[in-house]
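What follows is a set of notes on a single structure, which appears directly below.
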Amino acid sequence: MSDSTESPASTDGARYLAQGPRAGIRPYTRADGPEFTARARESRALHHPWLFPPTTDAAYAAYAGGLIEGRGRAGFLVCEREREGAPGGAIAGFININNIVAGAFRCGALGYGAFAHAAGRGLMSEGLALVTRYAFDVLDLHRLEINVQPGNTASIALARGGGFRREGFSPDFLHIDGAWRDHERWALTAEMTSPADPFAQS
């Protein structure tokens with residue numbers, strides 16, 4: 001059996017941790033670097049000034065290495081499934097669970113981004129539903145948080161569409177793009193999700 005951290009999974013035969021009608025989620029691999037960084041470079045205009053995913057091989061190696069090793073984080077690539085005879089496996093975006101705390105808290109903070117070719121197509125909404133269910137059912141988390149800048153309307157729409165509720169506002173919360181930025185706080189708990197979620201058994 002091959003090492004999942006080294007074998008490329010961006011193929012029709014990708015093994016997903018969970019999948020919906022159009023998207024699947026899987027772990028990062030080191031072999032995803034060329035596709036991920038190319039997508040990130042193509043998406044600079046979409047991402048600025050909200051997020052800055054790695055655009056070079058060296059930056060990706062450091063970024064993905066931490067997610068592959070875990071240590072309080074879990075990373076998922078959202079990939080497009082095969083459709084109408086077109087090959088599947090293309091990376092549509094990414095969703096990471098950062099700052100995972102176990103014990104009585106059982107919480108993690110989500111960070112995510114779509115790539116330009118997939119933006120507005122609903123793939124990230126499906127991916128967020130899959131990651132949410134995986135976090136609650138497999139990782140045994142109780143709460144997921146999203147911190148988003150007020151002007152990032154696309155990210156807020158994704159959080160709201162995923163069932164997250166707005167819990168508050170934090171001035172000067174995170175240092176991004178050279179300054180301390182205000183953020184809205186959104187959260188979802190396991191009790192807020194339905195057992196009848198169509199992705200629960202994916």
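Before moving on, here are some points about what is shown:
- Judged by the mean number of other Cβ atoms found within 10 Å, the most tightly packed of the peptides 60-71, 124-135, 171-182, 156-167 leads the ranking 124-135, 156-167, 60-71, 171-182.
- Positive-end residue, the chain charge dipole about Cα centroid, Cβ charges, pick of ASN96, ALA159, ALA129: ALA159
- Proximity of backbone amide H atoms, modeled 1.01 Å from N, is registered between TYR28 and GLY75, LEU77 at under 5 Å, excluding neighbours fewer than 5 places apart on the same chain.
- Remark: the chain carries a charge dipole of roughly 260 debye about the Cα centre, counting +1 on each Lys and Arg Cβ and -1 on each Asp and Glu Cβ.
- Convex hull of alpha carbon positions in the chain: directionally averaged projected area 11.7 nm².
- Per-residue HN-Hα couplings for region 140-157 [Karplus 6.51, -1.76, 1.60; θ = phi - 60°; Hz; x = Gly/Pro]: 6, 7, 10, 9, 10, 10, 10, 10, 9, 5, x, x, 8, 5, 5, 5, 5, 5
- Contact order, relative form, for region 18-192: 19 percent (alpha carbon pairs under 8 Å, 6 or more residues apart, mean separation divided by residue count).
- For GLN149, the amide hydrogen comes within under 5 Å of the amide hydrogens of GLU184, counting only partners 5 or more places away or on other chains and with H modelled in the peptide plane.
- For GLY93, nonlocal amide neighbours, meaning residues 5 or more places apart or on other chains whose placed amide H falls under 5 Å from its own, are VAL78, PHE115.
Quick note: the coordinates plus some simple rules give every number you see, no bench work behind them. Quick caveat, the model's predicted, so the values are computed rather than measured. Here the Cβ is made from the backbone with ideal geometry for all residues, glycine too, and neighbour counts use every protein chain on show.
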